[in-house]
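Undergrad: I have a structure here, written as C-alpha cells, and I will follow up with some questions on it.
The values are calculated or read from the model by the stated rules, or taken from the named source; none is laboratory data. For clarity, every value in this text was computed on a predicted model and none was experimentally measured. Positions of Cβ are backbone-derived with ideal geometry, glycine not excepted, and every protein chain shown enters the neighbour counts. Note: areas computed on protein heavy atoms with side chains; ligands, DNA, RNA excluded. Shrake-Rupley method; radii C 1.70, N 1.55, O 1.52, S 1.80 Å.
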Amino acid sequence: MIRTIGKLAGPLFFVFAATVPLWLLQNDYLRGIGVRALIVAVLAVSWNIIGGFGGRLSFGHAAFFGIGAYTSSLLLVDHGISPWIGGVVGMLVAAVVALLVGLPTLRLRGIFFTLVTFVFTLILLTLARYFSGLTGGDVGLSLPLTEPSLGMMQFRGQLAYYYLALAVLAVYVVIAAVVSASSFGYRLRAIRDDEEVAEALGVPTTKVKLQGFMLSAGMAAFAGTLAAQQDLFIDPGSAFGVTRSVEIALGAIFGGIGTVWGPVVGGIALVAMSDGLNNVLQDVFAGADTIVYGIALVAVALWLPGGLASLPRRLGLLGRRRHAPTPPEASMASSTEKEHELR
Amino acid sequence: MTTFAQAAITGLLLGGVYGLVAMGLSLVFGVMRVVNFAHGEFVLIGMYGTLALYTGLHLNPFVALLIIVPGALLLGAALQQVLISRVTRTTDLRQLLLTLGLSLIIQSLALIIFSPSQRSLPGFAWGSELVRLGPIYVRPAHVVGFVIAVVVTGALALLLTRTDLGRAMRATVDDAEMAESSGVRTNRIYVVGMAIGVCIACIAGAVLITYYPASPNAGQTFLVIAFVAVVLAGLGNVVGAFLGGLMAGLMQQFTASFISVELQDVGLFALFIAVLVLRPNGLFSRKQAA
C-alpha cells in the first residue's frame, strides 16, 4: 500500500508543481524565484549522484555549473549556436573536466576530493576574471536578445522558463531513480559504505567513482545553461562563486543526502527560505541568504544529518521501516571510522 | 636577479604569516580530525578585532595582540565546548557542514558590522612604506609580522615537544583512543587544541591587517592558502605546515613577479593540485599514498 503511494507520489509532485504558477507564483517576479528554486533542485539532484550515492562530497560543483553556463553562452555570443546544442557541448566539457579532476583525486581519501573540488573552482573563478577578453571579466557577459523561441531557449516572461526547468528536473529525477535502482547505484553506495569491501567484492572502485562524478558534473552543467538563458547574463562570481557551490551541496544535504527526492525538496526549500528572508530583511542588511545558508548548515550538522528526508522516520511517522537503503548518515560514519583506522 | 631576490624575500616574509594560518589549521586537523572550513574566518576575526582596537582605542596593532590573544583563546575554547564538540568524532559530513556554516555566519556578520568595503588601518605607515636594503625593498610590517610568526612557531614547537600538555596533544594526534586509555583527557585536549588553533589564526589576522586590507571575503583567501600549505606539509604535520606556508608565499610571489600578479593564486593552486597528485601525503612524509 505504502509502496503504491510512493510510486504515485513522484508524478503527483510534478503535476502539483506544474500548477503552482497558476495559484501561487502569479507574477513574473515570483516565477523568477520559482525558476531559481527549480534550478537549484536540478543542481542538487546532480550533486547527489556523486555526493549522496557515492559519498564523495564536492564543495566545488559550481565549477560544472559555470562550465555549462559559459560554454553555451560563448557558443551563442560568438557563433550564434543554439543553447540546446551549447548546453549539450557544455555537458560534455564538464564531464571531461570531471574526468581530469577526478582521475588523480578520487583514489585518495574523501577529504582530499573535497579540498580539490573547492580549490579547483577557485582556480576557475580567478581564470574567468583574468581572461576578460573571452568572458567579459567581472563586468560579465550579456547574451544577445533573439526572437523568443524554444529553439533558442529564450522566452519573454518567466513562465516558459519555469516549465522548462521543471521538465529538466523531471528528467533528472528519473535519471537519479534509475541510477539508484541500478547495479551502478548499488556499486556507488557500496563504495560509500565500505570501499575496501567493495573492492574485495570486485567493484572497480575508482572507475565507478569516476563515472559517477562525470555523470554528476555533466548534469550540473546543463543547469548552468538554463540559468544563463534565464538571466541572459553570466559573470564569474555567480558562475564559480563559493556561495554557488555551497548552495548546490546544501540543497542535497538539507533535503536528504543519498535519497532520490531529498535534493528536490531541499533545493526548493533552501531557495524559498533564503529568498523569503532576503525580501523581509532587504532594508535591514544585504546578503541575508548567506547567513541563512550558514544557519541551515549548522542546524543540519547538529540536529538533522539525514536532512529533511529523515524527518518522518525521526518523528516516528513511518511505523514500519520501508524498503530503504542504509541511511547514509550511518554508513558515512562507518567509512570515516575506517579512514581513521587506515591512518 | 634583483627581481628574483625581491620576490624571494617578499615571498618568505609573507609566507611566514601564511605558515601561521596553516599551523592552526593543521593543529586542529591533527588533534580533532576536523577540516576546519571556518579557519579563514578566525583570521578575519583577528583582522577586524585589531582594526576595531586601532580605530577605537588607538592601540598599535602589534600591542593589540595583548588583548587579541587571550580573547581568541577564550573564543576557541568556547566554540569547541559549545558547538564543535558535538560533531568531533562523528562523520566527516557533519564536521564539514558545521565549520562551513560557521564560516558563512561569521562572514555575514562581518558584512553587517563592517560593510562589504575593504578596510585597512588609517594612517598606519608600517604596511605601506618601503625600506631600502641594498638592491631590494622591504616593508616594516612584513618584517615584524615574519618575526612574530617565527616566535609563535618556535613557541608552539616547544609546547608540543617539551611539555606534558604537548606530549598529550601529540599522543591524541597519533591515536586518540590509545591516548584516552593511557589517561589523556582527550576532550580537554580538544578544547586546548581548538583554543590554540583559533588563537594562532587571530594572531595571523592581527599581523595581516597591518598590510592587507580586511574585507568579509578575505578569510577565504587565507583559508585556501592554508589548505595549500597544510597539504604541502602533509595533513596533521603541524610544524611542517609553517614550512608549507613559506613555500606557498614563495610560489605566490614568483608567479606574481614572473607571470602575472592577477594569476598569483593560480600558481599557488596549481602547486597544490600537483602535490596532491604526486605526493598526497605531503612533501615531508615518508608514507606512501593513502
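Undergrad: Mean-square fluctuation check for chain A, GNM, Cα pairs under 10 Å: which of A:Tyr163, A:Tyr293, A:Tyr29 is largest?
TA: Result for chain A, Cα springs under 10 Å: A:Tyr29 fluctuates most.
Undergrad: Output wanted: per-residue J couplings in Hz (rounded whole) for the range B:201-206, from phi through Karplus 6.51 cos²θ - 1.76 cosθ + 1.60, θ = phi - 60°, x for Gly and Pro.
TA: Whole-Hz 3J(HN,Hα) from phi for the range B:201-206: 4, 5, 4, 4, x, 4.
Undergrad: Efficiency by 1/(1 + (r/R0)^6): what FRET value for A:Glu196 and B:Arg188, r their Cβ-Cβ distance, R0 = 35 Å, to the nearest 0.05?
TA: For A:Glu196 and B:Arg188, the calculated efficiency is 0.55.
Undergrad: Next question, about the same structure. Taking 0.36 nm per residue of separation and subtracting the Cα-Cα distance, what length does fully extending B:Met1 through B:Phe258 add?
TA: 91.4 nm
Undergrad: In addition: If I build a Gaussian network model for chain B, linking alpha-carbon pairs within less than 10 angstrom, which residue out of B:Ala233, B:Ala168, B:Ala204 has the largest mean-square fluctuation?
TA: Of B:Ala233, B:Ala168, B:Ala204, the Gaussian network model singles out B:Ala168 as fluctuating most.
Undergrad: In Å, what is the Rg of the alpha-carbon atoms in the protein assembly as shown, and how long is Dmax?
TA: When restricted to Cα atoms, the protein assembly as shown yields Rg and Dmax of 24.6, 85 Å.
Undergrad: Please tell me the relative contact order of chain B in percent, rounded to the nearest whole number, where contacts are Cα pairs under 8 Å and at least six residues apart.
TA: Dividing the mean separation by the residue count of chain B yields 38 percent.
Undergrad: If amide hydrogens are placed 1.01 Å from N in the peptide plane, which non-local residues have theirs closer than 5 Å to the one on A:Phe233?
TA: For A:Phe233, whose amide H was placed from the backbone, the distant partners under 5 Å are A:Leu143.
Undergrad: Any idea what the relative contact order of the range B:111-249 is, in percent, if you count C-alpha pairs under 8 Å spaced at least 6 apart?
TA: The value is 27 percent.
Undergrad: When every alpha-carbon pair in the range B:2-278 is counted, what percent end up more than 26 Å apart?
TA: Roughly 40 percent, once rounded to a whole number.
Undergrad: Round to the nearest 10 and report in Å² the accessible area of A:Glu147, as given by a 1.4 Å probe over the protein chains' heavy atoms.
TA: The accessible area of A:Glu147 comes to roughly 150 Å².
Undergrad: Still on this model: What ³J(HN,Hα) values, in whole Hz, does the Karplus curve 6.51 cos²θ - 1.76 cosθ + 1.60 give for the range A:271-278 when θ = phi - 60°, with x put for Gly and Pro?
TA: Rounded to whole hertz, the list is 5, 4, 5, 5, 5, x, 5, 4.
Undergrad: Check which residues have an amide H placed less than 5 Å from A:Gln154's amide H, if you skip close sequence neighbours.
TA: For A:Gln154, the qualifying residues are A:Ser149.
Undergrad: Of A:Phe254, A:Phe53, A:Phe120, which is the most mobile in a GNM of chain A whose springs link Cα atoms less than 10 angstrom apart?
TA: A:Phe120
Undergrad: Now for a separate question. When N counts the residues of chain A, how does its alpha-carbon radius of gyration compare numerically with 2.2 N^0.38 Å, as a ratio?
TA: Values: Rg = 19.7 Å, N = 343, 2.2 N^0.38 = 20.2 Å.
That works out to 0.97 for chain A.
Undergrad: Further question: In nm, to one decimal, how far is the B:Gln118 label point from the B:His58 one, both placed 7 Å along Cα→Cβ?
TA: With each label placed 7 Å out from Cα toward Cβ, I get 2.8 nm.
Undergrad: For a quick size check, give me the Cα extents of the range B:10-128 along its three principal axes, largest first, whole Å.
TA: 48, 34, 25
Undergrad: With equal scatterers on the alpha carbons only and no solvent term, can you work out the Debye log10 of I(q)/I(0) for the range B:72-186 at 0.10, 0.19, 0.22 1/Å?
TA: For the range B:72-186 at q = 0.10, 0.19, 0.22 Å⁻¹, log10 I(q)/I(0) is -0.59, -1.16, -1.24.
Undergrad: Run the numbers on the range B:218-271 and let me know its relative contact order in percent, using alpha-carbon pairs under 8 Å that are six or more apart.
TA: Across the range B:218-271, relative contact order equals 28 percent.
Undergrad: Taking θ as phi - 60°, what are the ³J(HN,Hα) couplings along the range A:127-133 by the Karplus curve (6.51, -1.76, 1.60), each to the nearest whole Hz, with x for Gly and Pro?
TA: Ordered by residue, 3J(HN,Hα) equals 5, 5, 6, 6, 7, 6, x Hz.
Undergrad: Evaluate the distance, in nm, between pseudo-label points positioned 7 Å from the Cα of A:Glu147 and of B:Ile136 along their respective Cα→Cβ axes.
TA: Going from the A:Glu147 label point to the B:Ile136 one covers 6.6 nm.
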